[in-house]
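Notes follow once the structure below has been shown.
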Amino acid sequence: MSKRKVRIATTSLAGCFGCHMSLLDIDERIVDLMAIAEFDRSPLNDKKTFTRRCDIGLVEGGCCNEDNVHVLKEFRKNCDVLVAVGQCAIMGGLPVMRNAIMHSEDPLRECLDEAYTTSKVLNPSKQIPNDPALPLILDKVYTCAQVVKIDYQIPGCPPSGDTLWAALTALIKNEEPTLDYALIKFD
Amino acid sequence: MEHQKVIQQICADLGNDPKRMMDILWTVQDRLGCIAPASMGLIADLTHTQRVVVEGVVSFYAFFHQEVQGQNVIYLCEDIIDQHAGFNALKETVESCLGIQPGQMTKDGLFSFYLAPSIGMCDQAPAALINQTPVTKLTPTLLKRIINNLRKGKPVAATIPKLGDGNNSHPLIQSMVQNNVRKQGEVLLSGHQNDEGLSKALSLSPAEVIDYVLKADLKGRGGAGYRSAEKWKIAADTPAKSRFLICNADEGEPGTFKDRLLLTERAHQLIEGMTIAAYAIEATQGILYLRAEYRYLQPYLESVLSERRQKALLGENISDTDFDFDIRIQLGAGAYICGEESALISSCEGKRGEPTTKPPFPAVYGYLGLPTIVNNVETFCNLPPILAKGSDWFRSIGTEKSKGTKLLSVCGDCDRPGIYELPMGIKLSEVLSSCGALNTEAVQVGGASGVLIGRSDFDRQLCFEDLPTAGAIMIFNSQRNILKIVNYFMHFFIEESCGYCTPCRVGNVFLKERLDKIMNGLGEPADLEYLRNLSATVRETSRCGLGHTSPNPILSSMENFPLVYAALLKEHPSGEQAGFNIQKALDESRIIAKRRSLIYDPDFSSGEGRGNQE
Ligand SMILES: Cc1cc2nc3c(=O)[nH]c(=O)nc-3n(C[C@H](O)[C@H](O)[C@H](O)COP(=O)(O)O)c2cc1C
Ligand code: SF4
Ligand code: SF4
Ligand code: FES
């Protein structure tokens, strides 16, 4: 009997999908990957819920709203190994810049005002989006590791396809992933 | 414009010299109440520099203000020793008497109120600087009286109970500070200031003086413990058209106040020592870098300098030789990092007090690019007795690797806080018993950047080979909260980091955040690992001694008080982080959006909240 396929789940929280695009940069190696692994919950196959427990969860982006928190906790609950992929997931990335508004009496309001009402960006209605279907945004952006325990972090914005490949294949083989200097050298 | 004329005059008096920026800014602030953004451009033009450079300097130092200050300015020392001695009651007193918080000014413009890190009065805490006058052993009653009298226009000096001992009552000092000398040792505090050491030095060649001090094996008293004469040799051997000498009287390390005593009672000995060192390295000019908290000593120190000039012990042709050497006093402006020698040099050059990358070391490339020797006040004070009584005499005191005596600044929970001059190698337990420390739980040796040790280490020796210290011995009894002490030190480093390196600027904040988490009862065993790893990163990747030592309080307390940490840690098996509180994170959003959470408000009217699944 052949071994069962390793189950991988992925999600994009407060990220730009760049990390997911980068995962596709493994190019034809995706064929090799599909030989040993399968995707469960993931935007790549548009599965919106977990069908079963997964071995590996890849998380792109940090948490800027309640839905991000909810999804991240779901991932923690359903994945054996949880990996924060990219700067947004690890440090907050671009979204976390709003945390710099910290010396204000009401940082969140100031942030929304600056984005939608007082800035020069075209927004004739001056309205702050508030559809009931929109998840509430958090007081500030939290990194993944601030919300749940994270087992591994893969640096980069985004990490290159080669980097992701190296990390992912090691994890699939149940080995400690190591990244060569070239894979984490960014300049 | 009136202000414009004043500023022009001030800059002209200091030669429109950008190197004298510190003095220019001090004088502008003294005269005009602040260094207003509007005047920075003018100062920049007059000193041929850019406005951003001036603003950079102003914003760097805690004592420089861009907003108008009150006529009276209160700096309350918030150090941990003061906190244990009644700081909170004093803070409340100011807040209730004046109705302002730290950083604010009263509406009538009469008072400004700030907090300050250690102002060097830890042996007579709690203390404050009010209009630059130190007020010690402060009580709410005394503080109220001072404030009321200031309202009536009566200066602080008129309200303080009585003048301190020794030179503290000198007409040029007139301060209530007490010397609190508890033990006079053989080298520094007994004996006379008679310039015998200088005469001896001048009878030798400069190289012979260096050898003499090398033989005495004098090591620096400012913290790092580098062999003084070796450093001098490097400067002396560096070819240059002239060399420079600086005395480090920045004494910013919390818990250290021994230089305050030497500046008050041994000023002649200090200047004599500086003159000897200048002769040895053939320097013709020097600076005494005085921390702003000790500004009350400046008029007296100036008078000592001029007295010595009159007696031909300073200035041109010292003691009828062809040796010239003179000193100016450079006032700091409230920055701990300026105690670091390269930052101190930057500050003397009129810049932000940022350390420089080493090498080159100051002994090779220092003030204005000249080979520069920076030594601590106490180091210089050791020179006259060494020259007068001989290297062998000095070597006979102390231990194998630490010769001579050490001035200890003892403070905290003990009956007799103050200055103890003891031979190097004294056991900490002996210090504790001579100062009457009962029920001691922990001692911070070496100030904030030192180590926190517990009972099992009290038999260790204070010397370079065992427990080195620039002098600070802070004593904490069993009533004190160990983590609160450590937390204060982290707060101190965060405030005092110059901000140049990310590991120090950001790492110290993260260290404190994690410590806060543990103190709030949310800690997990993995947090200790995190603290250890991050501490190692901060240590290894920071540029200067501040970042190299800032993790010390955390690391040493984790090592010496493991149970204190362990008692607060518990596993959170769910995989969720205990420090994260979704309800708190949503509070503001609920108010702004005027709706509740679809996910996290379980009683959401539809009853279908996704929160049910969690
Ligand atoms: C953050 C920091 C603060 C320092 N503060 C002082 C100080 O207040 N006084 C002092 O003499 N040395 C201080 N030092 C040490 C100086 O850099 C320098 O080593 C010392 O002044 C040399 O004098 P010494 O050899 O006589 O000890 C400090 C070092 C660091 C890294
Ligand atoms: S880390 Fe970079 S690529 Fe990845 S989600 Fe964030 S911004 Fe996009
Ligand atoms: S270690 Fe800290 S204080 Fe020292 S240079 Fe770096 S940022 Fe400045
Ligand atoms: S300044 Fe951001 S990493 Fe260097």
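The values are calculated or read from the model by the stated rules, or taken from the named source; none is laboratory data. Values in this document were obtained by computation on a predicted structure and should not be read as measured data. Neighbour counts are summed over all protein chains in view; Cβ atoms, including those assigned to glycine, are modelled from backbone coordinates with ideal geometry. With ligands, DNA and RNA removed, areas are computed over all heavy atoms of the protein, side chains included. Shrake-Rupley method; radii C 1.70, N 1.55, O 1.52, S 1.80 Å.
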Looking at the range A:66-82, residues buried by 40 Å² or more relative to their chain on its own, accessible surface at probe 1.4 Å, turn out to be A:GLU66, A:HIS70, A:LYS73
Output ³J(HN,Hα) for the range B:538-543: one whole-Hz value per residue in order, computed from phi by the Karplus curve 6.51 cos²θ - 1.76 cosθ + 1.60 with θ = phi - 60°, and x for Gly and Pro.
-> 4, 4, 7, 10, 7, 8
Which of rounded, prolate, oblate describes the range B:278-370, given a ≥ b ≥ c as roots of the alpha-carbon gyration tensor eigenvalues and a/c under 1.5 marking rounded, otherwise prolate only if a/b is larger than b/c?
-> oblate
Taking placed amide H atoms and a strict 5 Å upper bound, the residues 5 or more places from B:ALA472 or on another chain that come that close are B:SER409, B:GLY446, B:GLY447
Computed Rg/Rh for the protein assembly as shown (Cα atoms; Rh = Kirkwood radius) stands at 1.03
Over the alpha-carbon set of the range A:49-151, work out the extent along each principal axis and list the three values in angstrom, largest first.
-> 47, 28, 22
Extending each Cα 7 Å along its Cβ direction at A:GLU38 and B:ASN481, get the distance between those two points in nm, one decimal.
-> 5.5
So how many Å³ per residue does the convex hull of the Cα atoms of the range B:319-440 work out to?
-> 190
Take the eigenvalues of the Cα gyration tensor for chain B, scale each by 5, and report the square roots as semi-axes in whole Å, largest first.
-> 43, 31, 25
Shape of the range B:239-285 from its Cα gyration tensor (a ≥ b ≥ c, root eigenvalues): rounded if a/c is under 1.5, otherwise prolate when a/b > b/c, or oblate?
-> oblate
Can you give the angle from 0 to 90° between the axis of helix B:298-310 and the longest principal axis of chain B, with both taken from C-alpha atoms, to the nearest 10?
-> 10
Sequence neighbours fewer than 8 away in the same chain don't count; with that in mind, list the lysines whose C-alpha is under 24 Å from B:LYS219.
-> B:LYS183, B:LYS200, B:LYS231, B:LYS233, B:LYS258, B:LYS358, B:LYS389, B:LYS401, B:LYS403, B:LYS406, B:LYS427
Each residue of the range B:133-140 in turn: what ³J(HN,Hα) in whole Hz from Karplus with 6.51, -1.76, 1.60 and θ = phi - 60°, glycine and Pro shown as x?
-> 9, x, 10, 10, 6, 6, 10, x
Using the Cβ atoms and a cut-off under 15 Å, what net charge is assigned to the surroundings of B:SER112, where Lys and Arg are +1 and Asp and Glu are -1?
-> -1
Would you list, by chain and number, the aspartates and glutamates whose Cα falls below 18 Å from the Cα of B:LYS351, excluding same-chain residues fewer than 8 positions away?
-> B:ASP17, B:ASP23, B:ASP45, B:GLU55, B:ASP250, B:GLU340, B:GLU341, B:GLU496
Cα gyration tensor shape of the range A:21-67, rounded if a/c is under 1.5, else prolate or oblate by comparing a/b with b/c | oblate
On full extension of the chain, what length is gained from B:ASN131 through B:SER199, given 0.36 nm per residue of separation minus the C-alpha to C-alpha distance?
-> 20.4 nm
Amide H to amide H under 5 Å from A:ALA37: which residues, 5+ apart in sequence or cross-chain, H placed 1.01 Å off N in plane?
-> A:VAL6
Span per principal axis, largest first, for the Cα atoms of the range B:161-300 (Å) | 54, 29, 27
The ratio Rg/Rh over the Cα atoms of chain A, Rh being the Kirkwood inverse mean 1/r radius, stands at 1.03
Kindly report, to the nearest 10 Å², the accessible surface of B:LYS570 as traced by a 1.4 Å probe over protein heavy atoms only.
-> 110
Taking the Cα centre of the range B:461-614 as origin, sum charge times position over the Cβ atoms of Lys and Arg (+1) and Asp and Glu (-1), and report the length of that vector in debye to the nearest 20.
-> 400
Give the calculated FRET efficiency between B:ASP211 and B:ASP320 to the nearest 0.05, with a Förster radius of 25 Å applied to their Cβ-Cβ distance.
-> 0.55
What nm distance separates the two modelled labels at B:LYS19 and B:ALA566, each placed 7 Å from Cα along Cα→Cβ?
-> 5.9
Nonlocal Lys pairs with alpha-carbon distance under 29 Å, the range A:38-160 (8 or more apart, or different chains) = 15
When averaged across all projection directions, what area in nm² does the alpha-carbon convex hull of the range A:1-98 cover?
-> 6.5
Residues listed by number, the range A:75-93, amide nitrogen under 20 Å from A:ASN174 label point at 7 Å toward C-beta = A:78-83
What does the charge count near A:PRO107 come to, summing +1 for each Lys or Arg and -1 for each Asp or Glu among other residues with Cβ under 9 Å from its Cβ?
-> -2
Add -39500 (n - 2.57) for each DSSP H run of 4 or more in chain A, then divide by its residues: what number comes out at 222 nm, to the nearest 500 deg cm²/dmol?
-> -8000 deg cm²/dmol
The alpha-carbon pair-distance distribution computed for the range B:14-109, with 10 angstrom bins and whole-percent values, is 14, 38, 25, 17, 5
Relative to the longest principal axis of the C-alpha atoms of chain A, give the angle of the C-alpha long axis of helix A:66-78, reported between 0 and 90° and rounded to the nearest 10°.
-> 20
Using a Gaussian network model of chain A whose springs link C-alpha atoms within less than 10 Å, name the residue from A:PRO43, A:PRO158, A:PRO132 with the highest mean-square fluctuation.
-> A:PRO132
With x for Gly and Pro, the residue-by-residue ³J(HN,Hα) of the range A:88-100, computed from phi through the Karplus equation 6.51 cos²θ - 1.76 cosθ + 1.60 at θ = phi - 60° and given in whole Hz, is 4, 5, 7, 10, x, x, 4, x, 5, 4, 5, 5, 5
Give the long-range amide H neighbours of B:ILE426: residues separated by 5 or more places, or on another chain, with amide H under 5 Å away, using H modelled in the peptide plane at 1.01 Å from N.
-> B:LEU462
Taking the Cα atoms only, what angle lies between the long axis of helix B:377-389 and the longest principal axis of chain B, rounded to 10 degrees?
-> 30
Cross-link partners among lysines for B:LYS144, C-alpha distance below 22 Å, same-chain residues fewer than 8 apart left out?
-> B:LYS91, B:LYS107, B:LYS152, B:LYS154, B:LYS162
